Amino acid sequence: MIVLGFESSCDETGVALVETRPGAAPRLLGEALHSQAEMHAEYGGVVPELASRDHIRRVLPLARQVLAESGRTLAEVDLVAYTRGPGLAGALLVGAGVAVALGAALGRPTFGVHHLEGHLLSPFLADPAPEFPFVALLVSGGHTQLMRVDAVGSYELLGETIDDAAGEAFDKSAKLLGLGYPGGPALSRLAEFGDATAFALPRPLLHSGDLDFSFAGLKTAVMTQQRKLGPNVCEQSRADLAASTQAAIVDVLSAKALRALKASGTKRLVVAGGVGANRRLRETLDAGAKKLGARVFYPPLALCTDNGAMIAMAAAMRLERGLAQGSTDGAFDVRPRWPLDEVSAAAS
Ligand code: KG4
Ligand code: ZN
C-alpha cells in the first residue's frame with residue numbers, strides 16, 4: 001500500500017510517501033518538510049493565522065517535490081492520510097482539505113490521523129522497529145505522556161504533565177536565555193558548553209511516586225536564576241544555566257520513563273516527539289535501559305519532530321489491521337482538541 005501523508009497541525013508543513021509491504025519493513029519513498037519556525041520567531045511563538053496561510057502556500061509544492069523525488073505519480077497512491085487533530089484548527093483544515101480533495105480527484109480513500117498516534121508509531125519507520133507491547137514516552141511541544149502500548153490503537157495512559165509540556169519547558173527556558181523560538185534545539189546546543197551542576201534547579205515531582213510530570217515551576221526557577229545573573233551575563237554562565245535546565249528536564253523525564261518501563265514488565269521503551277531528538281535525553285535513557293536489560297527505540301532523527309511520514313505510517317498501520325476504514329464521501333472535519341483515548345481500543 002502506498003500512502004501519501006499530510007501534516008499541518010502546527011508550524012510545520014510535512015508531506016511524505018510511505019510504502020508498506022506485507023512481511024517487510026515499511027519504506028519511506030519520499031519526504032519533504034517546510035518549517036515555519038523562522039516566520040514565527042519574530043513573534044516569539046506560533047501565530048495561528050500566519051501558520052494557516054503558510055501551509056496553503058507550501059503544501060502543493062511540497063507534494064509535487066515528494067512525488068518527483070520518489071519517482072512516483074499520484075496514480076500510484078492508494079490512500080491519502082492527513083492529521084485530523086489535535087492542533088490549530090485553521091492549520092489542520094489546510095492539510096485535511098487538500099488531502100480530501102486529492103482523494104476525491106483520484107478516487108482514493110482518505111483517512112484522518114490522530115497527531116499523537118503518528119508520533120507514537122513513528123519508530124516503526126526505523127530499523128529495527130519495536131515490537132508490541134512497549135512503554136512510550138511522548139515528549140513534544142504540546143504533550144508529555146507516558147503510555148503503555150499493547151497494539152496499534154491500544155494505548156493506556158500511565159502518566160502525563162499536569163501543566164507545561166517538556167518541549168514547552170525547553171522553549172520557555174530558551175526564551176528566558178534569549179535563544180528565540182523554538183528554543184529546544186538552541187538550548188541543547190548551548191548546553192553542550194555548560195556545566196550541568198552549576199545551578200541547583202528543582203526536579204519537580206521526581207519523588208511523587210506516580211508517573212506524572214510538572215514543569216511550570218522549573219521555568220520560574222530558571223527565571224529567578226536568570227534575573228540574579230543580570231543583563232550582562234557572561235557566555236559561560238548562560239551555557240551553565242542552559243546545561244542545568246536541560247539536566248533538570250532530562251532527569252525527571254528519564255527517571256519516570258525508566259520507572260514505567262520497569263513496572264511494565266516489557267523490555268522496550270519507545271521515545272517519540274520533538275524532545276526525543278535531545279541528545280542528553282537519549283544518552284540518559286539508553287544507559288538506564290541497558291541497566292534494566294531493556295532497549296530504547298527512537299524514530300529516525302529527522303522524524304522526531306512533526307512530519308508527514310508518521311501520519312502516512314499511522315494511517316497505514318490502522319487500515320492494514322482493519323481498525324479503521326478510509327473515507328470516500330468527500331466529507332471531513334478536524335479535531336483541534338482530541339484526547340488520544342478516543343482513538344484507543346484500550347479505553348473502550
Ligand atoms: O513534536 P514536535 O515537533 O511538535 C509538537 O507536536 O509539539 O515537538 C516540538 C518541540 C519543541 O518544543 C522543541 O523545542 C522541542 O520539540 N525540541 C527539542 C529538541 N528538538 C526539538 N527539545 C530539546 N532538545 C532538542 N534537541
Ligand atoms: Zn508533534
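The values are calculated or read from the model by the stated rules, or taken from the named source; none is laboratory data. The structure displayed is predicted, hence computed values, not measured ones. Virtual Cβ from ideal backbone geometry, glycine too; neighbours counted across all protein chains shown. These area figures cover heavy atoms from the full protein model, side chains too; ligands, DNA and RNA do not enter into them. Shrake-Rupley method; radii C 1.70, N 1.55, O 1.52, S 1.80 Å.
Say we look at the range 125-137 and pick out the residues that are of a type outside the set (A, V, I, L, M) and modelled with pLDDT of 95 or more; which of these is nearest to P300 (Cα to Cα)?
Step one: filter the range 125-137 for residues of a type outside the set (A, V, I, L, M), giving 127-128, 130-134.
Subset that is modelled with pLDDT of 95 or more: 130-134.
On the way: P130: 13, E131: 16, F132: 19, P133: 20, F134: 18 Å.
Once the filter is applied, the top-ranked residue is P130.
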Within the range 248-283, considering residues that are of a type in the set (D, E, K, R) and outside any helix (DSSP H, G or I), the one surrounded by the most Cβ atoms within 10 Å (Cβ to Cβ): R268
Given (1) on the phi < 0 side of the Ramachandran plot; (2) out of contact with any Leu (no Cβ under 9 Å at 6 or more places or on another chain), number of the condition V66 does not satisfy: (2)
Quick one: which of L211, L205 is at positive phi, open to solvent by 20 Å² or more (accessible area, probe 1.4 Å) and in a loop (DSSP other than H, G, I, E, B)? L205
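Restricting to the range 100-117, give me the number of residues that are in a helix (DSSP H, G or I) and either away from ligand 1 (no atom under 16 Å from the Cβ) or over 13 Å from G153 (Cβ atoms) (or both). Give the derivation first.
Residues of the range 100-117 in a helix (DSSP H, G or I): 100-106, 115-117.
In the following step, the residues that additionally are either away from ligand 1 (no atom under 16 Å from the Cβ) or over 13 Å from G153 (Cβ atoms) (or both) were identified as 100-106, 115.
Adding up the residues that qualify gives 8.
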May I ask you to list the residues in the range 178-202 that are part of a helix (DSSP H, G or I) and either aromatic (F, W, Y) or farther than 18 Å from V233 by Cβ (or both)? G184, P185, S188
Within the range 181-202, the count of residues that are open to solvent by less than 20 Å² (accessible area, probe 1.4 Å) and either farther than 21 Å from R227 by Cβ or charged (D, E, K, R) (or both) comes to 1
For the range 31-80, which positions are at pLDDT below 95, open to solvent by 50 Å² or more (accessible area, probe 1.4 Å) and not in a helix (DSSP H, G or I)? E42, Y43
Among the residues of the range 287-296, is there at least one that is touching a residue at least 12 places away in the same chain (Cβ under 8 Å), within 13 Å of ligand 1 (Cβ to nearest atom) and not small (G, A, S)? no
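Just checking, does the range 173-187 include any residue being in contact with a strand residue (DSSP E or B) (Cβ under 6 Å, 6 or more places away or on another chain) and more than 16 Å from ligand 2 (Cβ to nearest atom)? Break it down into steps so the answer makes sense when it comes.
As a first pass, look at the range 173-187 and keep what is in contact with a strand residue (DSSP E or B) (Cβ under 6 Å, 6 or more places away or on another chain): none.
Within the range 173-187 (the criterion being in contact with a strand residue (DSSP E or B) (Cβ under 6 Å, 6 or more places away or on another chain) and more than 16 Å from ligand 2 (Cβ to nearest atom)), the answer is no, since none of the residues qualifies.
Give me a count of the residues in the range 11-30 that are within 16 Å of ligand 1 (Cβ to nearest atom) and either among the aliphatic types (A, V, I, L, M) or surrounded by 24 or more Cβ atoms within 10 Å (Cβ to Cβ) (or both). Steps first, answer last, please.
Of the range 11-30, the ones within 16 Å of ligand 1 (Cβ to nearest atom) are 11-16.
Narrowing the set further to residues that are either among the aliphatic types (A, V, I, L, M) or surrounded by 24 or more Cβ atoms within 10 Å (Cβ to Cβ) (or both) leaves 11, 13-16.
Number satisfying all stated conditions: 5.
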The range 282-302, residues that are within 16 Å of ligand 2 (Cβ to nearest atom) and out of contact with any strand residue (DSSP E or B) (no Cβ under 7 Å at 6 or more places or on another chain): P300, L301, A302
Qualifying residue in the range 146-160 (condition: within 16 Å of ligand 2 (Cβ to nearest atom), open to solvent by 20 Å² or more (accessible area, probe 1.4 Å) and modelled with pLDDT of 95 or more): yes
